[in-house]
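Take a look at the structure below.
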Amino acid sequence: GWFSAYASALLTGNAEAAAECFLADGWLRDILVFTWDTRALEGREKIANYLSKNMSSTKIFGLKLEDNEHFRPAHFEFASRQGISFGYTFETPIGWGRGFVQLCQEPKSNAWKAQIVATTLVDLKGYEEPSERHIEDYVKGVSWPVHYANYKAQVENNPHVVISKLS
């Protein structure tokens, strides 16, 4: 239920609804998703202000729960809080991102709210980092260690930039 409400708020650009998905003392940690900067915001009001300023320029869509074994929903306990943590993936018009969430129950209402949501842009569309498999396809069967060793030797023997110390 929490993920559906949060995803809906992001998809519709509703900053207030997104902020309501957080505990009163919850955190949003954003790395390059909503701005080309890193932000850490504590509290619904700061989160709502940040999102209202930046959601219109950053459309988030395609939210899916992460199926990676390390980011599947899991129980956690930390200090006096316990809850559920999980990861998700999403897209923006310029790239792909990942998010990590820790949910706890709000003390008064027992509603599930985010203690932490961390987002990061992991790849830019059109400038994707090559995967090992992709590189092997590209270099026609040469293994990644051999390809990388050849690349490194080429760069070291034919540098594009020469740095010299001025006296």
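Quick one: in region 63-83, of everything that is exposed (fewer than 13 other Cβ atoms within 10 Å of the Cβ) and within 18 Å of Ser4 (Cβ to Cβ), which residue is modelled with the highest pLDDT? Among them, the one singled out is Lys64. Evaluated against (1) among the charged types (D, E, K, R); (2) part of a strand (DSSP E or B); (3) in contact (Cβ under 8 Å) with a residue 12 or more places away in the chain, Glu77 falls short on exactly one condition, (3).
Checked against the criterion of being in contact with a helix residue (DSSP H, G or I) (Cβ under 7 Å, 6 or more places away or on another chain) and assigned to a strand (DSSP E or B), the candidates Ala17, Ala48, Ala24 yield just one match: Ala24. Considered as a group, the residues in region 22-32 that are open to solvent by 10 Å² or more (accessible area, probe 1.4 Å) and in contact with a strand residue (DSSP E or B) (Cβ under 6 Å, 6 or more places away or on another chain) include one that is farthest from Ser85 (Cα to Cα), and that residue is Leu32. For the residues Leu51, Leu32, the requirement of being over 20 Å from Leu124 (Cβ atoms) and either free of Cβ contacts under 8 Å to residues at least 40 places away in the same chain or among the hydrophobic types (A, V, I, L, M, F, W, C) (or both) singles out Leu51. Restricting region 102-117 to residues that are in a strand (DSSP E or B) and free of Cβ contacts under 8 Å to residues at least 60 places away in the same chain leaves a set whose member that is nearest to the chain's Cα centre (by Cα) is Gln102.
Among the residues of region 110-143, those that are at pLDDT 75 or above and open to solvent by 70 Å² or more (accessible area, probe 1.4 Å) comprise Asn110, Trp112, Val122, Tyr127, Glu128, Glu129.
The values are calculated or read from the model by the stated rules, or taken from the named source; none is laboratory data. In this text the structure is predicted, and so the values were computed from the model without any measurement. Don't worry about glycine lacking a Cβ; one is built from the backbone with ideal geometry, like all the others, and counts go over all protein chains shown. These accessible areas exclude ligands, DNA and RNA; they are computed on the full protein's heavy atoms, side chains included. Shrake-Rupley method; radii C 1.70, N 1.55, O 1.52, S 1.80 Å.
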